[in-house]
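A.B. asks: One structure coming up, written as C-alpha cells, with questions to follow.
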Amino acid sequence: MREAQSEAEQVLSRAKEDAHKIMQDAQNRAEAERKAILERASQDEERTRRQMVAAAQIKARTLQLKKREEVLNKVFGEAHQKLSSLQQWSDYDRTVRNLLHEALTHLGTSSALIQADEVTLQYITDEVLEEISKELNVKLQVKGPLGQGIGVIVETEDGRRRFDNTLETRLDRMQDALRAPIYRLLVGETP
C-alpha cells in the first residue's frame, strides 16, 4: 500500500510538474502571441498614420497647385485683356515688322497672303511690304482684316499652310514657358 501510495505521489508530483511546464509554456506562447499582436497593431497604426500624413500632404499640394493655377490663369487673362494696349506703344511699327518677318520665316514660302487687324494694317504699308519682300525674297499681298485678334496671320497663296502670329496666339504659345518664372515673381522669389 505504501509503495502504491509512494508511486501515486510520484506520479502525481510528475503530473503536477508536467502541468506546471505545460501551463508555463502556454503562458509563454500567449505572451509571445500578445507581443506579436501588439507589434502588428503598432506597425498597422504607424502605416495608417504615414498614409494619412501622405494623403494630407498630397491634398495640401493639390490645393496649392490649384491656387497657383488660378493665380496664373488670372494673370494670363489680364495679360490677354491688355494686349490691345501694345498697339499704342511708340515702337509698335517695329513690332509689326517683327511679327511679319517671323511669320514669313516660319512659313517658308515664296508668296504669301497677309491678314491683320485694322490697327496693325495701318503699319503694313507698301514700303514695309516691299522691304520685307526684298529681304526674304517673297511675294506679299494683303488679304484683308482679321475677324478677331491683334497682329498678323500669314498663309500660303493656296491656303494650305498658315502661321498665326497674333499677339493672343503668341501669348498662348509662350504660356507654358512663362508659368514658372511668373509664379516665382508673384511669390517674391528672385529669377
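The values are calculated or read from the model by the stated rules, or taken from the named source; none is laboratory data. Model, not experiment: these values are computed from the prediction. So basically every Cβ, Gly included, is an ideal-geometry build from the backbone, and we count neighbours across all protein chains shown. Each accessible area value is taken on the protein alone, full model and side chains, heavy atoms only, with ligands, DNA and RNA left out. Shrake-Rupley method; radii C 1.70, N 1.55, O 1.52, S 1.80 Å.
A.B. asks: For segment 47-99, enumerate the residues that are free of Cβ contacts under 8 Å to residues at least 60 places away in the same chain, under 25 Å from E131 (Cβ atoms) and open to solvent by less than 100 Å² (accessible area, probe 1.4 Å).
C.D. replies: Within segment 47-99, D91, Y92, D93, T95, V96, R97, N98 meet the criteria.
To keep it simple, each residue is scored yes or no on (1) of a type in the set (F, W, Y); (2) modelled with pLDDT of 95 or more; (3) within 36 Å of the chain's Cα centre (by Cα); (4) open to solvent by less than 40 Å² (accessible area, probe 1.4 Å).
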| position | (1), (2), (3), (4) |
| --- | --- |
| K139 | no, yes, no, no |
| K143 | no, no, no, no |
| G147 | no, no, yes, no |
| D172 | no, no, yes, no |
| A177 | no, no, yes, no |
| P191 | no, no, yes, no |
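A.B. asks: Hey, does segment 109-116 have a residue that's open to solvent by 60 Å² or more (accessible area, probe 1.4 Å), farther than 26 Å from V75 by Cα, out of contact with any His (no Cβ under 9 Å at 6 or more places or on another chain) and assigned to a loop (DSSP other than H, G, I, E, B)?
C.D. replies: yes
A.B. asks: Name the pairs: first residue in segment 130-147 and farther than 15 Å from V96 by Cβ and of a type outside the set (G, A, S), second residue open to solvent by less than 70 Å² (accessible area, probe 1.4 Å) and in a loop (DSSP other than H, G, I, E, B), Cβ to Cβ under 8 Å, at least 6 apart or on different chains?
C.D. replies: Close Cβ pairs (under 8 Å, with a partner that is open to solvent by less than 70 Å² (accessible area, probe 1.4 Å) and in a loop (DSSP other than H, G, I, E, B)) amount to V138/T109.
A.B. asks: Could you list all residues from segment 117-128 that are among the hydrophobic types (A, V, I, L, M, F, W, C) and crowded, with 17+ Cβ neighbours inside 10 Å?
C.D. replies: L121, I124
A.B. asks: Report whether or not K134 is basic (K, R) and either in a strand (DSSP E or B) or open to solvent by less than 50 Å² (accessible area, probe 1.4 Å) (or both).
C.D. replies: For K134, the condition - basic (K, R) and either in a strand (DSSP E or B) or open to solvent by less than 50 Å² (accessible area, probe 1.4 Å) (or both) - is not met.
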